[in-house]
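Take a look at the structure set out below.
The values are calculated or read from the model by the stated rules, or taken from the named source; none is laboratory data. Worth saying up front: this structure is predicted, and the values here are computed from it rather than measured. Neighbour counts are summed over all protein chains in view; Cβ atoms, including those assigned to glycine, are modelled from backbone coordinates with ideal geometry.
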Amino acid sequence: MEILRKRTYQQTVQQGARYLELNNKHTYVAERLLLDRLDWNKTDFIKHLNQEMPEDIFLQYLDDLNQFIEGKPVQYIVGKEWFYGLPLKVNSDTLIPRSETEELVQIALTHLNKKVGTQPLKTLDIGTGSGAIAITMKHERNQDSVTATDISEKALRVAEENARNHQLDIRFLQGDLLEPVSLETFDCIISNPPYISYSETELMDESVLEYEPHSALFAGNEGMSLYERLAYSLPFSLKTDGCLFMEIGFQQGEKLLELYKKAFPDKEVLIQQDINGLDRMLIVK
Ligand code: GLN
């Protein structure tokens, strides 16, 4: 990128956008990279438009643009993603939380608020990653006791930091699926387990494949292996009047409906679609 004589924030971002365009990348990312890096909102940016950008910020910005051009997701470059209105730290040890998972949490919250109101519940998030689900549940329903598990020690460190940053008291436990809570029962269990089939890699975005943790994305047996293991153990972990909300792959609805109807013969089991009309959630209530 050509070095400008007077480098205002506005000029730099405009130049950044042209640089991205030349490299066939979305130009809006030029602004997002700067704002996320500086923890600014749009108003902060507008107030600084005509001010000179310090050299160190400029060099960091240039580095960020180059990393984005190389394919690194913006969220990993700036170390942050927004989830359900809260900023969360993310790094290559954690999946970048997706909007489909916000839909899952929204559905769980609506159900719980309607069913039990403000009555305190015991909630569990299996495979918490950055802590997105557990943090949102505790933030929205502070009276509940929230537990989150993950097999990855490194992911749990990130989740703990996120909970601390938002002053939320969540119990984090390391271990495989339900193993750390095998002697407990819960009113509400939510999970977005790895569910992508290893055979789908050629259809996937290269930046996802190259940068996101494969252990958080993929599962064996056509992406079904963790749902299968959970189908056997979840009935012991869910209270008899409890409910379960799981994110699923868009081609897994039919099979999972059958499997979970068998696992929970006395409960209502249903598949719900996401905003794009694709099967995305398994609900047991
Ligand atoms: N629960 C986390 C999320 O929804 C992590 C999920 C995962 O790693 N599969 O973002």
The one condition residue 150 fails out of (1) within 18 Å of residue 249 (Cα to Cα); (2) touching a Ser or Thr at 6+ places or on another chain (Cβ under 7 Å) is (1)
Pair list, Cβ < 7 Å and 6+ apart or interchain, from the stretch 135-150 residues that are within 20 Å of residue 93 (Cβ to Cβ) and in contact (Cβ under 8 Å) with a residue 12 or more places away in the chain to residues that are assigned to a helix (DSSP H, G or I) and not β-branched (Val, Ile, Thr):
135/162; 135/163; 148/134; 148/159; 149/180; 150/156; 150/159
Quick test of your reading of the structure: residue 108 fulfils all but one of (1) assigned by TED's automatic domain parsing to the domain that holds residue 34; (2) within 23 Å of the chain's Cα centre (by Cα). Name the failing condition by number.
(1)
So which residues in the stretch 157-207 are out of contact with any strand residue (DSSP E or B) (no Cβ under 7 Å at 6 or more places or on another chain), away from the ligand (no atom under 14 Å from the Cβ) and among the acidic types (Asp, Glu)?
169, 179, 184, 200, 202, 205, 206
Could you check the stretch 89-100 and list, in sequence order, the residues that are touching a helix residue (DSSP H, G or I) at 6+ places or on another chain (Cβ under 6 Å) and near the ligand (Cβ under 9 Å from one of its atoms)?
90, 94, 95, 96, 97
Taking the residues in the stretch 220-235 that are among the small types (Gly, Ala, Ser) and modelled with pLDDT of 95 or more as candidates, determine which candidate is surrounded by the most Cβ atoms within 10 Å (Cβ to Cβ).
223
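Report, by residue number, each residue of the stretch 117-166 that is in a loop (DSSP other than H, G, I, E, B) and either among the small types (Gly, Ala, Ser) or at positive phi (or both). Before you say what the answer is, go through the steps one by one.
Just the residues of the stretch 117-166 that are in a loop (DSSP other than H, G, I, E, B), to begin with: 117-121, 127-131, 141-144, 151-152, 166.
Once the filter is applied, which keeps residues that are in a loop (DSSP other than H, G, I, E, B) and either among the small types (Gly, Ala, Ser) or at positive phi (or both), the stretch 117-166 yields 117, 127, 129, 130, 131, 152.
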Among helices (runs of 4 or more DSSP H) entirely inside the stretch 213-285, those with 3 or more residues being more than 20 Å from the chain's Cα centre (by Cα), closer than 27 Å to residue 152 by Cβ and away from the ligand (no atom under 16 Å from the Cβ) are 225-237, 253-263
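If you go through the stretch 46-53 one residue at a time, do you hit one that is away from the ligand (no atom under 15 Å from the Cβ) and polar (S, T, N, Q)?
Our first condition is that a residue be away from the ligand (no atom under 15 Å from the Cβ); within the stretch 46-53, this holds for 46-53.
Subsequent filtering for residues that are polar (S, T, N, Q) retains 50-51.
Yes; the residues of the stretch 46-53 include at least one that is away from the ligand (no atom under 15 Å from the Cβ) and polar (S, T, N, Q).
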Pairs under 7 Å by beta carbon, first residue in contact (Cβ under 8 Å) with a residue 24 or more places away in the chain and over 20 Å from residue 243 (Cα atoms) in the stretch 166-195, partner more than 14 Å from the ligand (Cβ to nearest atom) and aliphatic (A, V, I, L, M), six or more apart or different chains?
173/181
Pair list, Cβ < 8 Å and 6+ apart or interchain, from the stretch 205-226 residues that are in contact (Cβ under 8 Å) with a residue 60 or more places away in the chain to residues that are more than 13 Å from the ligand (Cβ to nearest atom) and among the β-branched types (Val, Ile, Thr)
none
Within the stretch 266-281, the count of residues that are touching a Leu at 6+ places or on another chain (Cβ under 6 Å) and either touching a residue at least 40 places away in the same chain (Cβ under 8 Å) or not assigned by TED's automatic domain parsing to the domain that holds residue 255 (or both) comes to 1
Where residues in the stretch 167-190 are crowded, with 20+ Cβ neighbours inside 10 Å and in a loop (DSSP other than H, G, I, E, B), which of them is farthest from the chain's Cα centre (by Cα)?
178
For the stretch 114-121, indicate whether the set of residues that are of a type outside the set (Ser, Thr, Tyr) and within 13 Å of the ligand (Cβ to nearest atom) is non-empty.
no
